[in-house]
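Structure, as structure tokens:
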Amino acid sequence: MSLAAEAFVSQIAAAEPWPESATLYQPLKEDQILLSDSASSLAVQTFLRMCGLPIQVTCRPNAEYMSPSGKVPFIHVGNQVVSELGPIVQFAKAKGNSLSDGLDDVQRAEMKAYMELVNNMLLTAELYIQWCDDSTASEISRPRYSSPYAWPLNHVLSYQKQWEVRKKMNAIGWAGKNLEQVYEDVSQCCQALSQRLGTQPYFFNKQPTELDALVFGHLFTILTTQLASDDLAEKVKAFSNLLSFCHRIEQTYFKEHDRESSGSSRHSKGSLP
Amino acid sequence: MGTVHARSMDPLPMQGPELGVQADDMDLGEPDREEKQEVLENKDVVVQRVHIDGLGRTKEDILTYEIADVFRAKSLIDVMKKSHEARQKLLRMGIFRQVEVVIDTAEGADAVPNGLDVTFEVKEMRRMTGSYNTMVGNNEGSMVLGLKLPNVFGRAEKMTFQFSYGTKETSYGLSFFKPQPGHFERNFSLNLYKVTGQFPWSSVRETDKGISTEISFPIWRTNHTLKWEGVWRELGCLARTASFAVREESGHSLKSSLSHAMVIDTRNSSILPRKGALLKINQELAGYSGGDVTFLKEDFEIQLNKTLFWDSVLSTSLWGGMLLPLGDKPSSIADRFYLGGPTSVRGFSMYSIGPQSEGDYLGGEAYWAGGVHLYTPLPFRPGRGGFGDLFRTHFFLNAGNLCNLNYGEGPRAHLSKLAECIRWSYGAGIVLRLGNIARLELNYCIPMGVQSGDRICDGVQFGAGIRFL
């Protein structure tokens, strides 16, 4: 999102309170959504729950194309449409809901750096495994991605998507990597996160921030999603403090919430190992 | 190219010259020219040979069908008439730039005194012709390159390729056309295309990539077209501010449809006709041949024209259509009907009638529109017999309605729904005919029956198009 668009969104957003009818759109949960989109969607849902903003989750086969940026998830609030975590955080802030207000400038810069790390490492690794690992691509990603479409459009669209992601991998220099190197990158990323987290409940001690939402979204999805092999989940499981971090956020923001308000917005998922 | 071959064609066996030759004509052989001069006008003549000069890659067999009638001529007048018809037929095939007819007395060893030779001197089209245009419109400029290969395989097949490169969108189309030899109206065509359209009244951008095959054939006075079309459609929002109803329609769909069109056209001209009628019925069934879009669509168009006093023409027309979504999916914004604008219900903005969401018109599943026009020549008839004849003044009354139907309610409820909230308008203006394909209109319109949400164009409205209510 451009700076001008961002400014525009935050100006308009400030005028109205958060409506009850706010909706988050994502691809079909059972048949279509892929690891990376599922992780991003969970991160946004977690962030909104941490802010205490109600959201209904709606699955649409064309969610990706409905999104103004072409990426899922996106939220429809009032007559505003905002996609991806970064702009959604800005949008919520404009409406007076922020998790990072208590941080000083140094901490905020640090948070941004870690968020970039997660996006550059974990998200890219997820995309790499989905589309560049041939067995995962042919057994899971392509069939799931194209499930809403009729023959022969299903093949056209899934190969087009694969080609796009591979082009992106080429551009950022990941095309030459093999699966082992990608797992190694994931491990290093988790190592860094684990060290930063230490024994604190959240990354910046007592208060959750958008970084916590993002890390939880990715790690929890990696841990609970069945892939062609368990190697990726195993890399994360090596870090016990990250595991308990995921467990804690799930307990606090999903299990309890669901118990309190046998909610309209339920995120059903597997539980942690 | 460039070399000109002369080929003689043997007459068809059925109409062989021998059949018409009388025995007593055979022994006329005086060398004196004076005596050979005869008045052939009322006499029986025999067309002995037909030559076609100037053939290069054209195959002879398709031409024999077109010129066969010339051999049936029995008098000189007949020969001239039939030759003229044959010339028209040859030109219609679109493979010759020029066709000239020369009728001469027969020469050669087997010539008979009342025998004639007809020679068609033709000039073939170039193997490939190209065109280059620039277009401006719809907030976009584009450059259109066209390539045409007339007569690719020598039997009037035509291959055309068009490529349009615009400031916003590129489109292309490749088509192959093949007529049945001897029956030019029966033809087959195959098209491959990619078209991108921007529809600001709906805030929609649509990209279609498709393939279609088509067979056209006449039955009695009607023309039929059977078509199969497979098209991959991608819908998107034109702007970030597009309404959510339009955003929900974004994405890919695959339509495979069979359609049938029937046309009866007895008008003397398709733009500004003076007499005759037009009936067009079109039906499309999507989904049963694949794809993920299923619907049945019917629409029709009727136009009647009658010349009244002082060269004025009264023209009435009626359009209507219905879209029935089959299966459980609702209809798509790309398939629904739109109404309004300077070419349909005048006085309203382009396609700005009926269901809408935040100013984006969503179209309707049923519509009708009718119009009555009185066309008269310009007052005081300036430029009569020339430029002035391209213009007409007209007075019009248009009406129409567009809505969505609840198909569970039955026909009575549908009719009452289509009859309530009728939009109508009246006014007058000037019409300019552009060739025989398009027309321009400048009208003063007064819209009536405006419903909330409709966008009107009160006063002067300018329109250009090829299809008019």
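The residues of segment A:133-162 that are farther than 16 Å from A:LEU34 by Cα and in a helix (DSSP H, G or I), listed by number, are A:LEU153, A:HIS155, A:VAL156. Is it the case, given these coordinates, that B:GLY287 is at positive phi, part of a loop (DSSP other than H, G, I, E, B) and either surrounded by fewer than 17 Cβ atoms within 10 Å (Cβ to Cβ) or within 14 Å of another protein chain (Cβ to nearest Cβ) (or both)? Against the criterion (at positive phi, part of a loop (DSSP other than H, G, I, E, B) and either surrounded by fewer than 17 Cβ atoms within 10 Å (Cβ to Cβ) or within 14 Å of another protein chain (Cβ to nearest Cβ) (or both)), B:GLY287 does not qualify.
Kindly indicate whether any position in segment B:255-266 is open to solvent by less than 50 Å² (accessible area, probe 1.4 Å), within 11 Å of another protein chain (Cβ to nearest Cβ), modelled with pLDDT of 90 or more and more than 28 Å from the chain's Cα centre (by Cα). No, because not a single residue in segment B:255-266 is open to solvent by less than 50 Å² (accessible area, probe 1.4 Å), within 11 Å of another protein chain (Cβ to nearest Cβ), modelled with pLDDT of 90 or more and more than 28 Å from the chain's Cα centre (by Cα).
I'd like the full set of residues that are within 14 Å of another protein chain (Cβ to nearest Cβ), among the charged types (D, E, K, R) and in a loop (DSSP other than H, G, I, E, B), limited to segment B:352-395. B:GLU358 - this is the single residue of segment B:352-395 that is within 14 Å of another protein chain (Cβ to nearest Cβ), among the charged types (D, E, K, R) and in a loop (DSSP other than H, G, I, E, B). Across segment B:61-90, the number of residues qualifying as open to solvent by 60 Å² or more (accessible area, probe 1.4 Å) and either without any contact (Cβ under 8 Å) to a residue 12 or more places away in the chain or of a type in the set (A, V, I, L, M) (or both) comes to 4. Only one entry of B:TRP228, B:TRP220 meets the criterion of being away from chain A (no Cβ under 14 Å), modelled with pLDDT of 95 or more and over 29 Å from B:ILE353 (Cβ atoms), and that entry is B:TRP228.
Being part of a strand (DSSP E or B) and surrounded by 19 or more Cβ atoms within 10 Å (Cβ to Cβ) is the filter here, so list the residues in segment B:323-345 that pass it. Once the filter is applied, which keeps residues that are part of a strand (DSSP E or B) and surrounded by 19 or more Cβ atoms within 10 Å (Cβ to Cβ), segment B:323-345 yields B:LEU323, B:PRO325, B:PHE337. Residues of segment B:225-278 that are free of Cβ contacts under 8 Å to residues at least 24 places away in the same chain and part of a strand (DSSP E or B): B:GLY251, B:HIS252. Examine segment B:457-464 for a residue that is among the β-branched types (Val, Ile, Thr), assigned by TED's automatic domain parsing to the domain that holds B:PRO330 and either open to solvent by less than 60 Å² (accessible area, probe 1.4 Å) or under 24 Å from the mean Cα position of the chain (by Cα) (or both), and state whether such a residue exists. No, there is no match, as no residue in segment B:457-464 is among the β-branched types (Val, Ile, Thr), assigned by TED's automatic domain parsing to the domain that holds B:PRO330 and either open to solvent by less than 60 Å² (accessible area, probe 1.4 Å) or under 24 Å from the mean Cα position of the chain (by Cα) (or both).
Scanning segment B:401-428 for residues that are over 12 Å from B:GLY347 (Cα atoms) and not in a helix (DSSP H, G or I) yields a count of 13.
The residues on offer are B:GLU140, B:GLU100, B:GLU107, and the sole one that is touching a Ser or Thr at 6+ places or on another chain (Cβ under 6 Å) and loosely packed, with under 15 Cβ neighbours inside 10 Å is B:GLU140.
Given the condition within 21 Å of B:GLY359 (Cα to Cα) and not in a loop (DSSP other than H, G, I, E, B), answer yes or no: does some residue in segment B:185-197 qualify? Yes, that holds for at least one residue.
Could you please let me know if A:ASN154 is within 14 Å of another protein chain (Cβ to nearest Cβ) and either modelled with pLDDT of 90 or more or farther than 13 Å from A:THR124 by Cα (or both)? When the stated conditions are applied, A:ASN154 passes them.
Looking only at residues in segment A:51-69 that are away from every other protein chain (no Cβ under 13 Å) and in contact with a Ser or Thr (Cβ under 9 Å, 6 or more places away or on another chain), the one that is surrounded by the fewest Cβ atoms within 10 Å (Cβ to Cβ) is A:GLN56.
Just wondering, is there one or more residues in segment B:358-366 that are closer than 27 Å to B:ARG433 by Cβ, in contact with a Gly (Cβ under 8 Å, 6 or more places away or on another chain), open to solvent by less than 20 Å² (accessible area, probe 1.4 Å) and assigned by TED's automatic domain parsing to the domain that holds B:HIS414?
No, segment B:358-366 has no match at all.
Tell me, yes or no, whether segment B:290-307 has at least one residue that is at pLDDT 90 or above, among the hydroxyl-bearing types (Ser, Thr, Tyr), on the phi < 0 side of the Ramachandran plot and assigned to a loop (DSSP other than H, G, I, E, B). Yes, some residue in segment B:290-307 is at pLDDT 90 or above, among the hydroxyl-bearing types (Ser, Thr, Tyr), on the phi < 0 side of the Ramachandran plot and assigned to a loop (DSSP other than H, G, I, E, B). Answer yes or no: is there a residue in segment B:113-133 that is in contact (Cβ under 8 Å) with a residue 60 or more places away in the chain and in contact with a Leu (Cβ under 6 Å, 6 or more places away or on another chain). Yes. Reported count of residues in segment B:194-217, each being away from chain A (no Cβ under 14 Å), open to solvent by 60 Å² or more (accessible area, probe 1.4 Å) and either in contact (Cβ under 8 Å) with a residue 60 or more places away in the chain or over 19 Å from B:LEU258 (Cβ atoms) (or both), is 3. So which residues in segment B:129-156 are in a loop (DSSP other than H, G, I, E, B) and either more than 22 Å from B:ASN191 (Cα to Cα) or modelled with pLDDT of 90 or more (or both)? Residues satisfying the conditions are B:ASN138, B:ASN139.
In this structure, is A:VAL72 within 14 Å of another protein chain (Cβ to nearest Cβ), buried (at least 16 other Cβ atoms within 10 Å of the Cβ) and more than 17 Å from the chain's Cα centre (by Cα)? Spelling it out, it is not the case that A:VAL72 is within 14 Å of another protein chain (Cβ to nearest Cβ), buried (at least 16 other Cβ atoms within 10 Å of the Cβ) and more than 17 Å from the chain's Cα centre (by Cα).
Filtered by the rule that a residue be small (Gly, Ala, Ser) and either touching an Asp or Glu at 6+ places or on another chain (Cβ under 9 Å) or closer than 17 Å to B:GLY340 by Cβ (or both), segment B:428-449 gives B:GLY429, B:GLY449.
Among the residues of segment B:119-128, those that are part of a strand (DSSP E or B) and open to solvent by less than 100 Å² (accessible area, probe 1.4 Å) comprise B:THR119, B:PHE120, B:GLU121, B:VAL122, B:GLU124.
Taken as a whole, the condition of being open to solvent by 10 Å² or more (accessible area, probe 1.4 Å), hydrophobic (A, V, I, L, M, F, W, C) and within 30 Å of A:ASN97 (Cα to Cα) applies to A:LEU223. Set side by side, the residues B:ARG423, B:ARG384 differ, and just one is of a type in the set (Lys, Arg) and open to solvent by 20 Å² or more (accessible area, probe 1.4 Å), which is B:ARG384.
Each row is one residue, and each column tells you yes or no for (1) in contact (Cβ under 8 Å) with a residue 40 or more places away in the chain; (2) within 28 Å of A:PRO54 (Cα to Cα); (3) under 20 Å from the mean Cα position of the chain (by Cα).
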residue: A:ALA94; (1), (2), (3): yes, yes, no
residue: A:SER100; (1), (2), (3): yes, yes, yes
residue: A:GLN107; (1), (2), (3): yes, yes, no
residue: A:TYR114; (1), (2), (3): yes, yes, yes
residue: A:TYR128; (1), (2), (3): yes, no, yes
residue: A:ASP133; (1), (2), (3): yes, no, no
residue: A:PRO143; (1), (2), (3): no, no, no
residue: A:PRO148; (1), (2), (3): yes, no, no
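Residues in segment B:241-251 that are open to solvent by 20 Å² or more (accessible area, probe 1.4 Å) and at the interface with chain A (Cβ under 10 Å from one of its Cβ atoms): how many? The qualifying residues number 4.
The values are calculated or read from the model by the stated rules, or taken from the named source; none is laboratory data. Just so you know, these numbers come straight off a predicted model, no measurement behind them. Methodologically, a virtual Cβ is constructed for each residue, glycine included, from the backbone with ideal geometry; neighbour enumeration extends over all protein chains shown. These accessible areas exclude ligands, DNA and RNA; they are computed on the full protein's heavy atoms, side chains included. Shrake-Rupley method; radii C 1.70, N 1.55, O 1.52, S 1.80 Å.
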